[in-house]
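The values are calculated or read from the model by the stated rules, or taken from the named source; none is laboratory data. Note that the structure is predicted; figures quoted are calculated from it, not measured. Cβ sites come from the backbone with ideal geometry, for glycine too, and all protein chains shown count toward neighbours.
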Ligand code: NAD
């Protein structure tokens, strides 16, 4: 079948298997060229391993550290004339590349929040890895059913306390316009914390500890974001920011749990990048388009793979112990440099529909968005028949 992108706002309902495979290969090539990370982990469990930061973490663990990996994700396989989701193709491609490099790579597709999938993962870990020495927690999910109560919670991307009005962009039409976002209800705030906060990360650690499946000195990291002043009302001061604050609570409790095995938990504050999760956040695509223009011009631009390589090599398994006042690692250091932020702010104040192509990197943003689904890649003939 001929597979073309079918986009609706921040969603693309098709994905191209060859394009997704190319994206995985490109990240593997980056890591191979960057070099082996000495004293890295040997057995890595990645929750949310099929796209974005989780996939990049898995690629660094496998191809930078030669680790065995178990990846957990929630993706759609192909059926009838519907393609699989990009994360499904990525995970198949990752497994092929890893196995041909002699690396153990197990994929588990299912709801990471559920007890069933946790049990299944623990069995696979026991069989294929033995003990885990690194757990990466990289979920971005719209909903979660609490395994204890059976209640389902939804995460929303809303401001808290008052309406937020801001510039934004329609990435299909380049129209820059003003949106008003209504504040979240108390239930929506609770729901977002339940889904995107630290509770499930704690449950994973507890489940591994209960089964004796964490190695002495095991490390775990979850990903967070803070961002600049202009996205504060929708990000760090919004519902998702509350969930990220809950990670700061969870990391303390996890460090307590890990003390008996000399383990360590931390949070890594990563840079804004184009992923399926970030493209769904109102206002953020406009900020990212401006940020990319500035960071590319200043030669400090990075994507997921560069960030994750840096995290493993310098921080998790390196000598850079710098953390902020609450113990978080900052990979967003280039994004948050004062000169970068000043330049973005200046562009933000003047960007409009007429000049957005010059003022921002909206073209690059859209290219990266389509690339997430395997489209727009040089060298791939999109007119050829492929088996989905
Ligand atoms: P993403 O959308 O690319 O990936 C989300 C992953 O979660 C996928 O592998 C998906 O399959 C998996 N997933 C979703 N629901 C699941 C479920 N119920 N069970 C199992 N797997 C499930 O997201 P991302 O942008 O890479 O985000 C990962 C983490 O990084 C998040 O915590 C996010 O807040 C954080 N982060 C993202 C950015 C950014 O700009 N994208 C910046 C800093 C931090």
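Within the range 337-363, work out how many residues are farther than 18 Å from residue 9 by Cβ, loosely packed, with under 15 Cβ neighbours inside 10 Å and in contact (Cβ under 8 Å) with a residue 24 or more places away in the chain. So the count comes out to 4. Only residues that are part of a loop (DSSP other than H, G, I, E, B) and away from the ligand (no atom under 15 Å from the Cβ) were counted in the range 254-277, giving 2.
Name the residue that is farthest from the ligand (Cβ to nearest atom), counting only residues in the range 220-234 that are over 22 Å from residue 308 (Cα atoms) and either under 19 Å from the mean Cα position of the chain (by Cα) or not in a helix (DSSP H, G or I) (or both). Selected residue: 233. A residue that is in contact with a strand residue (DSSP E or B) (Cβ under 8 Å, 6 or more places away or on another chain), more than 16 Å from the ligand (Cβ to nearest atom) and more than 20 Å from residue 315 (Cβ to Cβ) cannot be found anywhere in the range 235-253.
Taken over the range 1-37, the criterion of being touching a helix residue (DSSP H, G or I) at 6+ places or on another chain (Cβ under 6 Å) and in a loop (DSSP other than H, G, I, E, B) is satisfied by 5, 10, 15, 37.
When every residue of the range 281-293 is checked against the conditions, none turns out to be more than 15 Å from the ligand (Cβ to nearest atom), in a strand (DSSP E or B) and out of contact with any helix residue (DSSP H, G or I) (no Cβ under 6 Å at 6 or more places or on another chain). Can you work out which of the residues in the range 308-322 that are away from the ligand (no atom under 16 Å from the Cβ) and surrounded by 15 or more Cβ atoms within 10 Å (Cβ to Cβ) is farthest from the chain's Cα centre (by Cα)? If we take residues in the range 308-322 being away from the ligand (no atom under 16 Å from the Cβ) and surrounded by 15 or more Cβ atoms within 10 Å (Cβ to Cβ), then 318 is farthest from the chain's Cα centre (by Cα).
Each residue in the range 149-167 was checked for being within 16 Å of the ligand (Cβ to nearest atom), surrounded by 17 or more Cβ atoms within 10 Å (Cβ to Cβ) and not in a loop (DSSP other than H, G, I, E, B), and 1 pass. Considered as a group, the residues in the range 334-353 that are touching a strand residue (DSSP E or B) at 6+ places or on another chain (Cβ under 9 Å) and assigned to a loop (DSSP other than H, G, I, E, B) include one that is nearest to residue 292 (Cα to Cα), and that residue is 336. Could you grab the pairs with beta carbons closer than 6 Å, sequence gap of 6+ or different chains, first residue in the range 364-388 and at positive phi, second one surrounded by 16 or more Cβ atoms within 10 Å (Cβ to Cβ) and assigned to a loop (DSSP other than H, G, I, E, B)? Final answer for the pair search is 374/15; 374/16. Can residue 108 be described as touching a strand residue (DSSP E or B) at 6+ places or on another chain (Cβ under 7 Å) and modelled with pLDDT of 95 or more? When the stated conditions are applied, residue 108 passes them. For residue 296, the requirement of being away from the ligand (no atom under 14 Å from the Cβ), closer than 25 Å to residue 124 by Cβ and surrounded by fewer than 23 Cβ atoms within 10 Å (Cβ to Cβ) is not met. When residue 95 is tested against the conditions (1) without any contact (Cβ under 8 Å) to a residue 40 or more places away in the chain; (2) crowded, with 16+ Cβ neighbours inside 10 Å; (3) more than 22 Å from residue 11 (Cα to Cα); (4) in contact with a helix residue (DSSP H, G or I) (Cβ under 9 Å, 6 or more places away or on another chain), the lone failure is (4). For residue 42, the conditions (1) under 23 Å from residue 278 (Cα atoms); (2) surrounded by fewer than 24 Cβ atoms within 10 Å (Cβ to Cβ) are fulfilled apart from (1).
Looking across the range 312-333, the residues that are part of a helix (DSSP H, G or I) and out of contact with any strand residue (DSSP E or B) (no Cβ under 7 Å at 6 or more places or on another chain) come down to 312, 313, 314.
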